[in-house]
Amino acid sequence: MKRFALTLSGVRAEGVLLEDAAPACSATWWSLLPFTAEIRHFRWGGAAGYTSLPPMGLASDSENLVTFYPRFSLCVRPGDFGEVVFAYGQAQARSHTILAAWACHFADIDTNKDAFFAVVHGTMTGGMRVLEAARVTEEPNS
Amino acid sequence: MPGFEVQVGSSEPVTVDYSRTLSKEAADAFAAMLPVNTMIRQAEWCGQAAVASVPHGTVREPAGASARAASLYPGWLVWDPAGGVLLASYGRAEYRSATGVRYGYVLGRAAGDRQAFLAALAALHSDGEVALTCRPADVDAAQPPRGPRFLLRRGADAVAFEPLPETAPESFGRLAAQLPAEVELAAARWSGQVRHGALPASLTFDTRALEHPAASLYPGTMAIAPADNGNWELLVSYGRTELRGPEGMAYATPIAQTSLPADELGKWLETPTPISLSVEAESPR
């Protein structure tokens, strides 16, 4: 089980990759760690923040697809932009001419969720925040 | 002319006159609500648009009328009195919520330093919310910009369309460079008060991607869209228009707009004869 840490405006949370359901997206995310990125609030899809990681968008277009983003999840929209989504509430994969698109659900945040996603929510009125992402542990699958 | 002044944060105020509102009743109700001091931020469902909470209102339209639109054109102000929100777009945008498309009243288009206004709206996405002030003002009627404009001509009669550079920064020039063209406009079957016709097959845009796709064509708007056969078509709205096909909403790029009243434009377009579309180098003052 691969675990990673996200720190946003000083608030740290940890997450776990869904390697069985989304092996390619999980492997790509793992290969990118550590990195720093800018998180902004969603413009089309509701209660979520996002960042652009182009390699993530090219990892797979068919793994563990969802149109509604699960709360406290990490998902990625297939495509060159590599839109990685941090959903804190009601949110959906959308664009200007598409009301229901698809995204790969590849990780869940499982520690300090409320505090971390409160900062994501804060980008709605507070603007951009800097995200730091890093590996935590790599444990054998049980 | 009655209108209002809009100030986003510390940016230069712009003015909006009500001459292009889709609903006089909505403009009157909005004017009665002013002044408004609130906050404006990036919208979460609407694309490249900013949203502000304003007092709820009631618009009493004539029975059977509905003058609302879903598409948000850059630099235009849209009010949803039932939802208590004011929207201002700075790019590709449509009024939506979690459950889908919503509709608001188009109040008018910002005049003055529109580029600075759009930049102030765009900055909200990275910089966060700022104060918004709307106050009543007597404003000068917006003057048509100097520069090329389109002419629809039938014999000696012509209707001029001024460019909408914020919705079609590339498309306007690409189309203008390939004119004149002859077009036969027919009534649309799915989309309301709009006429459409095929542009010549020789006319190309080097892309099938639309700039600023819009489903709502405000009255008097000229637009272009790819047709099913791979060519392009011209659309001219003379009233309430939402572009639709048998499988749902469709989209076009608004490229120009006439100040001719919608009912007069509708009558002018009724005559089923070919119309020449040309470009005039510079609009007169």
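Any read-out appearing in this document is the output of simple, stated calculations on the displayed coordinates, not a laboratory observation. Owing to the predicted nature of the structure, the values given are computational and were not obtained by experimental measurement. Backbone-built Cβ (ideal geometry, glycine too); neighbour counts: all protein chains shown.
With equal scatterers on the alpha carbons only and no solvent term, can you work out the Debye log10 of I(q)/I(0) for segment A:2-137 at 0.09, 0.21, 0.22 1/Å?
Values returned for q = 0.09, 0.21, 0.22 Å⁻¹ are -0.21, -1.32, -1.47.
Placing one identical point scatterer on every Cα of segment A:64-142 and ignoring solvent, what is log10 I(q)/I(0) from the Debye formula at q = 0.19, 0.20, 0.23 Å⁻¹?
One equal scatterer on each Cα of segment A:64-142 leads to -0.95, -1.03, -1.25.
Taking the Cα centre of the protein assembly as shown as the origin and placing charges on Cβ (Lys, Arg +1; Asp, Glu -1), which of A:18, B:34, B:230 is farthest toward the positive end of the dipole?
B:34
Name the residues of segment B:178-213 whose amide N is less than 15 Å from a point 7 angstrom out from the Cα of residue B:276 along the C-beta direction?
Output list for this probe position: B:179-184.
Mind giving me the nanometre distance, one decimal, between the label points for residue A:118 and residue B:264, set 7 Å out from Cα along Cα→Cβ?
Here the answer is 6.0 nm between the modelled labels.
Quote to one decimal, in nm, the extra length available between residue B:206 and residue B:231 on full extension: 0.36 nm per residue of separation minus the C-alpha distance between them. Each step should come with its number before you reach the end.
Values: separation 25, 0.36 × 25 = 9.00 nm, distance 1.12 nm.
Once the chain is fully extended between residue B:206 and residue B:231, it gains 7.9 nm.
Fewest to most neighbouring Cβ within 10 Å: what's the order for B:61, B:280?
Details: B:61 14, B:280 17.
Going from sparsest to densest Cβ surroundings: B:61, B:280.
Starting from the Kirkwood radius over alpha-carbon pairs of chain B, derive D by Stokes-Einstein at 4 °C in a medium of 1.567 mPa s and give it in µm² s⁻¹.
On the way: Rh = 19.3 Å.
Estimated via Stokes-Einstein, D reaches 67 µm²/s.
Would you please give the FRET efficiency between residue B:116 and residue A:137, computed as 1/(1 + (r/R0)^6) with r the Cβ-Cβ distance and R0 = 45 Å, to the nearest 0.05?
Working: r = 50 Å, r/R0 = 1.12.
In this case the efficiency is close to 0.35.
Across peptide B:40-48, what mean number of C-beta atoms from other chains lies inside 10 Å of a residue's C-beta? Display every interim value, and only then the final one.
Numbers: counts 0, 5, 8, 5, 12, 10, 3, 6, 3.
That works out to 6 on average.
How would you rank B:147-158, A:90-101, highest first, on the average number of other Cβ atoms within 10 Å across their residues?
Descending packing order for the listed peptides: A:90-101, B:147-158.
With +1 on each Lys and Arg Cβ and -1 on each Asp and Glu Cβ, and nothing else charged, work out how big the dipole of the protein assembly as shown is about its Cα centre, in Debye to the nearest 20. Please report the intermediate quantities before stating the final value.
Details: 34 positive and 45 negative charges, 89 e Å.
The calculated dipole for the protein assembly as shown is roughly 420 debye.
Can you pull out the trypsin sites (Lys or Arg not before Pro) in segment B:11-120 that DSSP calls coil and that have at most 14 other Cβ atoms within 10 Å? Mind dumping the intermediate values first?
On the way: sites: B:20, B:24, B:41, B:60, B:68, B:92, B:96, B:102, B:109, B:114; in loops: B:60, B:102.
When the trypsin sites (Lys or Arg not before Pro) of segment B:11-120 are filtered for loop state and at most 14 Cβ neighbours within 10 Å, B:60 remain.
Tell me, what is the FRET efficiency for residue A:9 and residue B:28 to the nearest 0.05, using R0 = 41 angstrom and their Cβ-Cβ distance as r?
Working: r = 45 Å, r/R0 = 1.10.
The value I calculate is 0.35.
List every residue whose amide H lies under 5 Å from the amide H of residue B:50, counting only residues 5 or more places away in sequence or on a different chain, with H placed 1.01 Å from N in the peptide plane.
B:43, B:88, B:89, B:90
For chain B, with only Lys/Arg (+1) and Asp/Glu (-1) charged at the beta-carbon, what is the dipole magnitude about the Cα centre, in debye rounded to 20?
Numbers: 23 positive and 31 negative charges, 63 e Å.
Here the size comes out at about 300 debye.
Please list 3J(HN,Hα) in residue order for segment A:124-131, calculated via the Karplus relation 6.51 cos²θ - 1.76 cosθ + 1.60 where θ = phi - 60°; whole Hz, with x for glycine and proline.
Ordered by residue, 3J(HN,Hα) equals 4, 9, x, x, 5, 10, 8, 9 Hz.
Taking amide H positions as placed in the peptide plane 1.01 Å from N, state which residues far from residue B:84 in sequence (5 or more) or on other chains have amide H under 5 Å from it.
B:57
How long are the semi-axes of the equivalent ellipsoid of the protein assembly as shown, taking √(5λ) for every eigenvalue λ of the Cα gyration tensor, in whole Å from largest down? Provide the component values of the computation, followed by the final result.
Working: eigenvalues 366, 135, 62 Å².
Each semi-axis is the square root of five times an eigenvalue, giving 43, 26, 18 Å.
Partner chain Cβ atoms within 10 Å, averaged over the residues of B:98-104 - can you pull that number for me?
Numbers: counts 8, 1, 3, 1, 0, 0, 0.
For peptide B:98-104, the averaged partner shielding equals 2.
Give me A:102, B:79 ranked fewest to most by other Cβ atoms within 10 Å of their Cβ, as a rough exposure proxy.
Numbers: A:102 14, B:79 26.
Ranked by crowding around the Cβ, least crowded first: A:102, B:79.
Starting with the fewest neighbours, write out A:7, B:221 ranked by other beta-carbon atoms found within 10 Å of each beta-carbon. Don't skip to the answer; put the middle values down first.
Details: A:7 16, B:221 26.
Least to most surrounded, the residues fall as A:7, B:221.
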